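The next block holds one structure in the form of structure tokens; read it before the comments.
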Amino acid sequence: MAATAASTPAVAGDEVTELSKQYETPMGLAHTTMQALKDRIKLHYDLASDYYLNLWGEHIHHGYWATDEAKANDSKEVAQINLIRLLLDISGVSDGSTVLDVGCGVGGTSRYLAAQLGCTVTGITISGKQVQIATRLTKGEAAKEAEADADGFIALGKGKVRFIELDAEQMGEHFAKDEGAFDAVWISEALSHFPNKALFFRNAHKVLKKGGKLVLADWFKAEGLGQKEFDDDIKLIEDGMLLPPLCIQQGYVQFAKDAGLEVSGGPKDISKDVSKTWDISWSLVQNPALWGFAFTQGRDGIAFLQSFRAMRRGYSNGSFRYAVMAFVK
């Protein structure tokens with residue numbers, strides 16, 4: 001359905017549609033407790049991951065369009081792989097690495113690292129449904145007779161991959177016997193969901209080998225936002241995307257340094273080169289069946305879809321940012 005202009009558009013990218021108007025809901029509500037938020041995140045991904053897969057594909061992360069030519073011609077699938085390649089370039093993760101993919105979604109990046117680079121990848125996610133989907137997709141991509149080995153790994157290309165349902169805040173404890181076992185910890189657009197970000201960086205330091213890399217892509221708020229800018233954009237994104245308070249980019253750098261990690265790449269702000277993601281997303285969700293499904297999830301489902309507009313607006317006016325960065329132990 002064609003987009004119509006909002007009655008008081010803040011910036012370009014704030015379009016509403018006749019479909020989204022049918023499901024207007026109050027936005028910018030505060031989360032109750034952090035544990036309640038984590039429970040809602042798990043439920044959301046358990047319920048919605050099949051829809052993500054159908055709409056956005058196996059890589060549930062932004063695309064990266066680095067040039068005008070790419071913005072004009074590259075599909076979202078090509079752009080998503082280009083984001084992975086950018087993270088590999090900025091971090092220097094090498095072929096054959098042992099990787100912990102935190103917040104792995106349905107396993108698209110895990111499979112890429114295994115199949116293309118020969119990595120041994122353990123993907124973790126808080127959603128049991130995502131583990132099921134990721135495992136199914138991996139077996140479908142592997143040899144027809146592929147079965148998991150004694151440690152749960154499935155051979156894929158030159159490498160192997162497994163998926164575990166695990167709250168990332170428990171990863172230090174879960175992998176205690178493997179302390180210092182990973183060449184890389186990879187986290188793409190998941191850390192913004194974590195209430196205790198300092199704990200994540202400490203856990204990453206714990207499970208990494210000496211010289212191991214932490215590879216990170218995430219969403220941020222811009223520095224120095226006024227209250228109106230925060231209320232108009234960031235508050236709506238935190239609400240709809242099920243996020244605790246967003247950080248600025250330097251906040252992650254400080255968390256990493258406090259945990260004993262050193263900056264090895266970035267932060268590289270690529271906001272202008274990923275924002276097309278939400279233009280595509282807003283177009284893709286103009287489907288009555290999807291909004292109907294979101295409605296069955298209650299307010300969280302509708303607020304999630306409505307927050308796509310805030311994401312687009314935030315990118316347009318600069319209040320919402322995206323960056324990649326890498327650290328070394």
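The values are calculated or read from the model by the stated rules, or taken from the named source; none is laboratory data. As the structure is a computational prediction, the values presented were derived from the model and not from experiment. Here the Cβ is made from the backbone with ideal geometry for all residues, glycine too, and neighbour counts use every protein chain on show. Just so you know, the surface numbers come from the protein's heavy atoms only, side chains and all, with ligands and any DNA or RNA stripped out. Shrake-Rupley method; radii C 1.70, N 1.55, O 1.52, S 1.80 Å.
Check the range 156-170 and report whether any residue there is among the polar types (S, T, N, Q) and open to solvent by less than 50 Å² (accessible area, probe 1.4 Å).
no
Kindly provide the set of residues from the range 101-128 that are open to solvent by 20 Å² or more (accessible area, probe 1.4 Å), polar (S, T, N, Q) and closer than 23 Å to Asp167 by Cα, ordered by number.
Thr120
From Ile302, Ile270, grab the single residue that is hydrophobic (A, V, I, L, M, F, W, C) and closer than 22 Å to Leu191 by Cα.
Matching residue, one of Ile302, Ile270: Ile270.
Can you tell me which residues in the range 133-151 are under 19 Å from Asp167 (Cα atoms) and in contact with a helix residue (DSSP H, G or I) (Cβ under 9 Å, 6 or more places away or on another chain)?
Passing the criteria: Ile133, Ala134.
Given the criterion buried (at least 18 other Cβ atoms within 10 Å of the Cβ) and touching a Gly at 6+ places or on another chain (Cβ under 7 Å), identify the matching residue among Ala256, Ala222.
From the options Ala256, Ala222, the qualifying one is Ala222.
Taking interchain pairs and intrachain pairs at least six residues apart, which have beta carbon atoms under 6 angstrom, with the first residue in the range 249-265 and closer than 19 Å to Val207 by Cα and the second surrounded by fewer than 20 Cβ atoms within 10 Å (Cβ to Cβ) and small (Gly, Ala, Ser)?
Listed pairs, sorted by first residue: Phe255/Ala198.
Which condition breaks for Leu88 when tested against (1) open to solvent by 10 Å² or more (accessible area, probe 1.4 Å); (2) under 17 Å from His205 (Cα atoms); (3) under 22 Å from the mean Cα position of the chain (by Cα)?
(2)
Take the residues of the range 129-152 that are among the polar types (S, T, N, Q) and in contact (Cβ under 8 Å) with a residue 12 or more places away in the chain: which is most open to solvent (accessible area, probe 1.4 Å)? Walk me through it before giving the result.
Of the residues in the range 129-152, the ones among the polar types (S, T, N, Q) are 130, 132, 135, 138.
Now drop any that are not in contact (Cβ under 8 Å) with a residue 12 or more places away in the chain, which leaves 130, 135, 138.
On the way: Gln130: 10, Thr135: 38, Thr138: 0 Å².
Filtering the range 129-152 for residues that are among the polar types (S, T, N, Q) and in contact (Cβ under 8 Å) with a residue 12 or more places away in the chain, the one most open to solvent (accessible area, probe 1.4 Å) comes out as Thr135.
Within the range 175-186, work out how many residues are at pLDDT 95 or above and either surrounded by fewer than 23 Cβ atoms within 10 Å (Cβ to Cβ) or more than 15 Å from the chain's Cα centre (by Cα) (or both).
Going residue by residue through the range 175-186, those that are at pLDDT 95 or above are 182-186.
Still in the running and either surrounded by fewer than 23 Cβ atoms within 10 Å (Cβ to Cβ) or more than 15 Å from the chain's Cα centre (by Cα) (or both): 182-184.
So the answer is 3.
Just to be sure I understand, how many residues within the range 281-292 are open to solvent by 40 Å² or more (accessible area, probe 1.4 Å) and in contact with a helix residue (DSSP H, G or I) (Cβ under 7 Å, 6 or more places away or on another chain)?
Of the residues in the range 281-292, 2 are open to solvent by 40 Å² or more (accessible area, probe 1.4 Å) and in contact with a helix residue (DSSP H, G or I) (Cβ under 7 Å, 6 or more places away or on another chain).
Residue under question is Ala79, and the condition is that it be farther than 20 Å from Val324 by Cβ and open to solvent by less than 10 Å² (accessible area, probe 1.4 Å); does it hold?
Spelling it out, it is not the case that Ala79 is farther than 20 Å from Val324 by Cβ and open to solvent by less than 10 Å² (accessible area, probe 1.4 Å).
Quick check on my filter: what residues within the range 43-69 are open to solvent by less than 30 Å² (accessible area, probe 1.4 Å) and without any contact (Cβ under 8 Å) to a residue 60 or more places away in the chain?
Within the range 43-69, Gly57, His59 qualify.
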